[in-house]
Amino acid sequence: MGWLAAGDTYEVALVGGRVVARSTSARSHAQSPVEGKAERTLPAEIQDRPEVLELQRFAEWLDRHAAECAAQVDHWMVSSLPVPTGLLARVWPDEAWQSALRDIVVVGAGPDEVGFLRGADETDGLRVVNLAGETVRPTAPTVTMPHPVLLPRLEELRAFAAESGVKQGVEQIHRATWLKPAGADGRTHSVTEFAGAEYRSWFHLSARATSLGYRISRSSVVDVVRDAGRMVTASVGMSDPYTEEKAWTGSLAWHHEDDCRSLPLSEVGPVAWSEGMRMAAALHAGRTVPKDDAR
């Protein structure tokens, strides 16, 4: 984006996601903002100029758009939903979409069609780099971006990413995961591993939950996950805000969206299990640590 005149002595532009200004005299020397000639802060005399306000609103929209793109890709990944290759090709030219999609691991129709997404074109389709370092083009009309607990050869993908310097815009291969123990008891309906995390107040606990992207529903922190085609709600109990000064997390349980009864652990799928444990662990990590226990 070029520079816009803002009054008689300044011009403004978006640089690195924020509005910066420079003196119009810089034009005659062909200086650029990356050379350090832009003002560190906007001069007071132009802060209310319409050009500045419009750029600031545009920057805010770009931030929201980038967050929405990342959230959509995260949803596709956590849910392991099939995504049309044509759709990926249409959104790829958008920098926000490209940032969220680049190097996400996609799976096509065949065993060789697994790798890191590097490009998408409406004419040539997707460009994927596989574990052999070769570029392949999936032929299926849709691909999935599997949740890491469902990804084939996950450890090899992580090793390849480390060696190649791959950095995903949406956390997938390095997302914290939990595998359900073999032979989970069908008579047990909850997990208490992360229960009892103490917070200074119910407000601090709920703030921690919402900052992590989870919802508060009645007396629980909840996360709705798509697992094997069904919507499953993972919930971590919270202590009563009306009877306790402090707050504690409770046990973790799961239930189908259309059924309030908790599921036996033996019936909880791998994605719902991993995401529920991830939520409970994150809430536990934010607990209040007594000074005597601090390291």
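The values are calculated or read from the model by the stated rules, or taken from the named source; none is laboratory data. A quick note: this is a predicted structure, and the numbers were derived from the prediction, not measured. Virtual Cβ from ideal backbone geometry, glycine too; neighbours counted across all protein chains shown. Keep in mind that these areas ignore ligands, DNA and RNA; they rest on the heavy atoms of the full protein, side chains included. Shrake-Rupley method; radii C 1.70, N 1.55, O 1.52, S 1.80 Å.
Tell me the angle of helix 50-79 to the major Cα principal axis of the chain, expressed in degrees between 0 and 90 and rounded to the nearest ten. Taking the Cα atoms of the chain, the angle to 50-79 is about 30 degrees.
Between LEU81 and THR192, the simple label model (points 7 Å from Cα in the Cβ direction) yields a spacing of 3.8 nm.
Using the Kirkwood radius over C-alpha pairs as Rh, can you work out the diffusion coefficient of the chain via Stokes-Einstein at 25 °C, viscosity 0.890 mPa s, in µm² per second? Working shown, then result.
Values: Rh = 22.6 Å.
Diffusion coefficient, whole number: 109 µm²/s.
Between GLU60 and GLU122, the modelled label-to-label distance comes to 3.3 nm, taking each label 7 Å out from Cα in the direction of the beta carbon. If the chain linking GLU68 and ARG200 were pulled fully straight, counting 0.36 nm for each residue of separation and taking away their Cα-Cα distance, it would gain 44.3 nm. The calculated FRET efficiency for HIS174 paired with GLU245, based on their beta-carbon distance and R0 = 30 Å, is about 0.20.
In terms of overall dimensions, segment 83-165 has a Cα radius of gyration and Dmax of 12.0, 33 angstrom. Radius of gyration over Kirkwood radius for segment 98-142, both on Cα atoms: the Rg/Rh ratio is 0.92.
By the compact-protein rule of thumb, 2.2 N^0.38 Å, the alpha-carbon radius of gyration of segment 194-295 corresponds to a ratio of 1.10.
3J(HN,Hα) couplings calculated from phi for segment 169-182 with the Karplus curve 6.51 cos²θ - 1.76 cosθ + 1.60 (θ = phi - 60°) are, in sequence order, x, 10, 5, 10, 5, 9, 5, 4, 10, 10, 9, 5, x, 5 Hz; Gly and Pro show x.
Gaussian network model of the chain, Cα springs within a sub-10 Å range: biggest mean-square fluctuation belongs to which of ASP94, ASP103, ASP227? Among ASP94, ASP103, ASP227, the largest mean-square fluctuation in the Gaussian network model of the chain belongs to ASP94.
State the extension gain, in nm to one decimal, for the chain segment bounded by SER211 and THR24, taking 0.36 nm per residue of separation less the distance between their alpha-carbons. Please list the in-between numbers first.
Working: separation 187, 0.36 × 187 = 67.32 nm, distance 4.21 nm.
The span from SER211 to THR24 would gain 63.1 nm if fully extended.
Of TRP273, THR192, SER211, which is farthest on the positive side of the dipole of segment 190-286, counting Cα position, with +1 on Lys and Arg Cβ, -1 on Asp and Glu Cβ, and the Cα centre as origin? Positive-most Cα among the choices belongs to SER211.
Per residue, how many Å² of accessible area does the chain show with a 1.4 Å probe? Please report the intermediate quantities before stating the final value.
Numbers: 16490 Å² over 295 residues.
In whole numbers, the chain has 56 Å² accessible per residue.
Once fully extended, how much extra length lies between GLU155 and LEU53, figured as 0.36 nm per residue of separation less the alpha-carbon to alpha-carbon distance? Write out the running numbers ahead of the final one.
On the way: separation 102, 0.36 × 102 = 36.72 nm, distance 4.79 nm.
The GLU155-LEU53 span can extend by a further 31.9 nm.
Report relative contact order for the chain in percent, whole number only (criteria: Cα-Cα under 8 Å, sequence separation at least 6). Walk me through the numbers on the way to the answer.
Values: 507 pairs, mean separation 38.4, N = 295.
Computed value for the chain: 13 percent relative contact order.
Compute the angle between helix 202-211 and the longest alpha-carbon principal axis of the chain, please, reported from 0 to 90 degrees and rounded to the nearest 10. On a 0 to 90 degree scale, this one is about 60.
Taking amide H as placed 1.01 Å from N in the peptide plane, VAL143 has its amide H under 5 Å from the amide H of VAL83, THR85, each at least 5 places away in sequence or on another chain.
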